[in-house]
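Asker: The structure follows.
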Amino acid sequence: MIAEVAAILAPVFVMAALGYGWRLTGAPFDLPFVTRIIMYVAGPCLVFSSLSQLTLPLTQFWGMVGAMIAVTLVVAGVSAALIFVLKLPQRSFLPALTLGNTGNLGLPLCLFAFGEEGLGLAVAIYVTNSVLQFTFVPLLQTRVSIVRTVLTTPIIYGAVAGLAVLLLEVPIPVWLGNTISALGGLLIPLMLMALGNTIGSLKAKNLPRALGLGTARLVIAFGVALGVSELLGLRGVAQGVLVLQGAMPAAVFSYLFAARYDRDAEDIAGIVLVSTLLGAALLPFLVSYALWLGGR
């Protein structure tokens with residue numbers, strides 16, 4: 001079990017450490033450019049490639065989408081209650097406590113832990129989380145039109161195109177399929193390096209608050225993901241993926257949105273930093289538990 005968990009975590013930590021070490025050297029790392037490559041090229045390509053070659057039943061795919069929506073809604077409700085009790089602004093803190101890092105961390109973990117089946121299910125969660133992230137957060141923080149946001153989110157186009165190819169059984173030329181797969185392969189290394197580089201720049205302004213809310217994010221998310229998986233009767237890899245993805249630390253995009261829309265960015269940075277570092281320390285236990293669930 002130790003060797004199996006180490007084989008899953010080692011690539012994740014090494015690639016994130018490369019990004020962190022890059023920042024320590026002071027060498028240029030164009031994070032906005034890397035983020036655009038992730039959002040507009042690698043992300044849609046990986047989603048398209050994964051969905052167009054999906055081998056698991058579509059009912060299982062859509063079931064995972066529904067399960068993730070349920071997890072997100074319950075986590076949002078519990079988090080909103082906690083934020084209300086603490087008398088903090090909902091618009092600033094709710095996204096950080098609600099949405100997890102299902103891309104940078106979740107995708108590689110599910111791939112290395114459960115193989116292609118796990119990646120297919122993880123992509124369902126990643127797409128769901130991305131759609132919620134790029135519609136719910138701007139609407140909450142700036143009241144931007146949902147329609148406009150959806151139409152300008154490239155991952156959605158990748159998902160629609162991939163599902164269309166799958167359902168209509170459209171043949172893809174080998175050269176095109178190989179090109180899209182190669183571009184999609186950039187996503188996980190770039191995401192992990194960007195995560196490490198970003199974490200290296202974050203600072204916790206109010207450490208006690210960051211520690212409390214960062215811990216709350218992990219506890220609430222894990223409890224809700226496990227509870228929803230049991231209520232829905234998920235078993236095997238599906239349950240392992242939902243719990244693993246659902247329990248991810250706060251999404252880095254929560255900080256990027258907070259900085260962009262001037263919503264207590266320093267406090268949000270603290271939540272992202274603490275939940276990521278604490279989540280990393282707990283990953284061996286979380287991955288071991290997810291593997292146990294996947295083998296049931």
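The values are calculated or read from the model by the stated rules, or taken from the named source; none is laboratory data. These numbers come from a predicted model, not from an experiment. No Cβ is skipped: glycine too gets one built from the backbone with ideal geometry, and neighbour counts run over all protein chains shown. In case anyone asks, the SASA skips ligands and DNA or RNA and just uses the protein heavy atoms, side chains included. Shrake-Rupley method; radii C 1.70, N 1.55, O 1.52, S 1.80 Å.
Asker: Can you tell me which of Pro208, Pro249 is open to solvent by 20 Å² or more (accessible area, probe 1.4 Å) and not charged (D, E, K, R)?
Answerer: Of Pro208, Pro249, the one residue that is open to solvent by 20 Å² or more (accessible area, probe 1.4 Å) and not charged (D, E, K, R) is Pro208.
Asker: What number goes with the only condition from (1) among the basic types (Lys, Arg); (2) assigned to a helix (DSSP H, G or I); (3) surrounded by 21 or more Cβ atoms within 10 Å (Cβ to Cβ) that Arg260 does not pass?
Answerer: (3) is the only condition that Arg260 fails.
Asker: OK, next. Please indicate, with yes or no, whether at least one residue in the range 270-284 is closer than 25 Å to Gly63 by Cα and either at pLDDT below 90 or over 17 Å from the mean Cα position of the chain (by Cα) (or both).
Answerer: No, the range 270-284 contains no residue that is closer than 25 Å to Gly63 by Cα and either at pLDDT below 90 or over 17 Å from the mean Cα position of the chain (by Cα) (or both).
Asker: Residues Pro44, Pro89, Pro28: which one is touching a Pro at 6+ places or on another chain (Cβ under 7 Å) and over 20 Å from Phe222 (Cβ atoms)?
Answerer: It is Pro44.
Asker: Let me spell it out: the conditions are (1) free of Cβ contacts under 8 Å to residues at least 24 places away in the same chain; (2) open to solvent by 20 Å² or more (accessible area, probe 1.4 Å); (3) in contact with a Leu (Cβ under 9 Å, 6 or more places away or on another chain), and Thr35 meets all of them except one. Which number is the exception?
Answerer: (1)
Asker: Mind checking which residues of the range 158-185 are modelled with pLDDT of 90 or more, out of contact with any Cys (no Cβ under 8 Å at 6 or more places or on another chain) and either among the hydroxyl-bearing types (Ser, Thr, Tyr) or within 14 Å of Gly103 (Cβ to Cβ) (or both)?
Answerer: Scanning the range 158-185 gives a single hit, Thr179.
Asker: So, of the residues in the range 129-157 that are open to solvent by 60 Å² or more (accessible area, probe 1.4 Å) and aromatic (Phe, Trp, Tyr), which turns out to be modelled with the highest pLDDT?
Answerer: Here the residue is Tyr157.
Asker: Counting only residues that are hydroxyl-bearing (Ser, Thr, Tyr), give me the helices (runs of 4 or more DSSP H) lying completely in the range 38-115 with at least 3 of them.
Answerer: 43-52, 58-86
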